[in-house]
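Trainee: For reference, the structure I am asking about is given below.
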Amino acid sequence: MGMEEGNVRPRFYQQIRCETEGPLELLKADGEILERGTQWASVNAAMLKIEHETIEIEEFKLELQLKKSRQESEELRLRTLLEIREAEIKLAELQAAAESPDLPERMRSRAAGAITDMETQITMLRERVRADEIASKLDADRREGELQLERKRKQYEQLRRRSILTAGNRGQLRLSDELRRKIEDSTEEGDPYPWVQAGEHLATIVDDESLEIIVPATSQVMAQIPADQLMVLLQDGRTGKLIEGRYKRTEEADNGLEITRTFIFSIPGDSVQDAREATGQRQLIHIYRKFPQNYRLVYKKDIAFIAPQVLESGGWHGLARHLWPGSTVVQVGPQTLALDSANAN
């Protein structure tokens, strides 16, 4: 079908840059194989530990405060119940006095006012010890404390995400040259924790047990072929061996101006070692079409001069129909034609 520029890359390739500045503590060795999610380093570990301990202290303080609030609420409830009982006794005494025939008439209106005031006081005291009122106040105290604590948790989590460095997938840890140099310098100076900057490239995690061939979908010929029929060959520059790539998937990227498509081809396991030498280098990739059924392949050079006037006017499709009536050109390649015809012999 032709050739396109492409490259070989590991199936998983993660470049890691520092998101904050501070002393770096390396937990895994350069070149070590990491499992997905493994922490291999941390930045500002001491500060992170202090922040975590602060959160734990705040949680403990909140629990103590809520416990104290519950105790105070219970004490208030008991005192209020006692006040209600005393007020009820006074109310009963006032009512009894107001009903006494010995009470002077001029005192009856004052007694009625005193009874009304006492009833109002009792109502207010009973309102104070309603279960839902107590629960509401406790809940408000709890929500306020947890809201403040949640803000601190979020701040801690942001710091943790910037500080904890983990492997996004299984692969080999490869420290950057700059970080290796910093580790050597800090070790010589007696400081086990080199200082790193925000945005600094720290390491790459590579899984080169599986490799892929990446080919941009820029060719019009490639765009016209069903993706699952595409096949590529890469020539190993060291041994000359042809390495096959089998179609795996198509990736699309939208930069806001256009959508670019890239074909991804997997390399069989028995060819990974040969292909590893080509990792990261631009390569010429040979593009082929793998037909779902057998077609007759005819070399262009064998038929180009049989009827040149037909080729000039009708192209390869016209020449094929002229030489083999009823035939169909399935694919025009750089050197061959694929024909679907029983007469193309």
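Trainee: If r is the Cβ-Cβ distance from Glu35 to Ala304 and R0 is 41 Å, what FRET efficiency results, to the nearest 0.05?
Mentor: The formula returns an efficiency of 0.10 here.
Trainee: Okay, next question. So if R0 is 25 Å, what FRET efficiency would Ala97 and Glu127 give, r being the distance between their Cβ atoms, rounded to the nearest 0.05? Don't skip to the end; give the middle numbers.
Mentor: On the way: r = 27 Å, r/R0 = 1.06.
Approximately 0.40, to the nearest 0.05.
Trainee: For Glu74 and Glu58, compute 0.36 nm times the residue count separating them, minus their Cα-Cα distance, and round to one decimal in nm.
Mentor: Extra length from Glu74 to Glu58 when fully extended: 3.3 nm.
Trainee: Using the basic label-point model (7 angstrom from Cα toward the beta carbon), what is the Gln229 to Lys248 distance in nanometres?
Mentor: 2.4
Trainee: Can you list the residues, at least 5 places off or on another chain, whose amide H is less than 5 Å from the amide H of Val196, using H built in the peptide plane?
Mentor: Those lying under 5 Å, H to H, from Val196 are Gly22, Leu24.
Only the coordinates and a few stated rules stand behind these numbers; no lab work does. The structure displayed is predicted, hence computed values, not measured ones. Methodologically, a virtual Cβ is constructed for each residue, glycine included, from the backbone with ideal geometry; neighbour enumeration extends over all protein chains shown.
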